[in-house]
Amino acid sequence: MKNAHILLVEDNEGDIVLTKEVFKDSGLRNPMSVARDGEEALDFLFRRKHFATAGRPDLILMDINIPRINGKEVLSIIKQDDNLKSIPVIILTTSSADDDIEESYKNHANCFITKPLSINEFTHAVAGIQDFWLVLATISYTK
């Protein structure tokens, strides 16, 4: 397994810190970039503004409830772009609304996970994402 570059699209600072901590504690040292809203995520992915030299992520973890451009719109843009659509996008959000789940999958999300409320359950969920997407599954890594 190679080190996958992960783009975390999340506006909650506590969830950012906790997600980074779970990855660090697991012993896998994956480079992780953070975008704190949808516009910043698209700037990162399309290498605009101060992200002109950003690397292409191998995996995207994204909340759908993010400011400026919501995660559902960002997902739709990613999956319509020939250069980005092969990147697995895992929706990691507090929503468990059927409409959000259905729309995410219609826009080709690779996975939809509702964030657990407790820290222990959240840690377990992030560890599960890591175990599946970075250990078990084969993803296409950037060159």
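The values are calculated or read from the model by the stated rules, or taken from the named source; none is laboratory data. The shown structure was predicted, so the numbers you read here are calculated from the model rather than taken from an experiment. When we count neighbours, we look across all protein chains shown, and the Cβ atoms used for this are built from the backbone with ideal geometry, even at glycine.
Quick look at the numbers
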{"read-out": "Some residue of the stretch 96-103 being under 15 Å from the mean Cα position of the chain (by Cα), surrounded by fewer than 17 Cβ atoms within 10 Å (Cβ to Cβ), within 18 Å of residue 10 (Cα to Cα) and without any contact (Cβ under 8 Å) to a residue 24 or more places away in the chain", "value": "no"}
{"read-out": "Strands (runs of 3 or more DSSP E) (entirely within the stretch 1-66) containing at least 2 residues that are over 12 Å from the mean Cα position of the chain (by Cα), of a type in the set (Ser, Thr, Tyr) and at pLDDT 90 or above", "value": "none"}
{"read-out": "Condition broken by residue 96, with the remaining ones in (1) touching a strand residue (DSSP E or B) at 6+ places or on another chain (Cβ under 6 Å); (2) assigned to a helix (DSSP H, G or I) satisfied", "value": "(2)"}
{"read-out": "Any pair with Cβ under 7 angstrom, 6 or more apart, that starts in the stretch 116-137 at a residue that is closer than 22 Å to residue 58 by Cβ and ends at one that is small (Gly, Ala, Ser) and crowded, with 17+ Cβ neighbours inside 10 Å", "value": "134/4"}
{"read-out": "Residue 118 vs. criteria within 21 Å of residue 79 (Cα to Cα) and out of contact with any Lys or Arg (no Cβ under 6 Å at 6 or more places or on another chain)", "value": "no"}
{"read-out": "Among (1) part of a loop (DSSP other than H, G, I, E, B); (2) within 16 Å of residue 45 (Cβ to Cβ), the one test that residue 90 misses", "value": "(1)"}
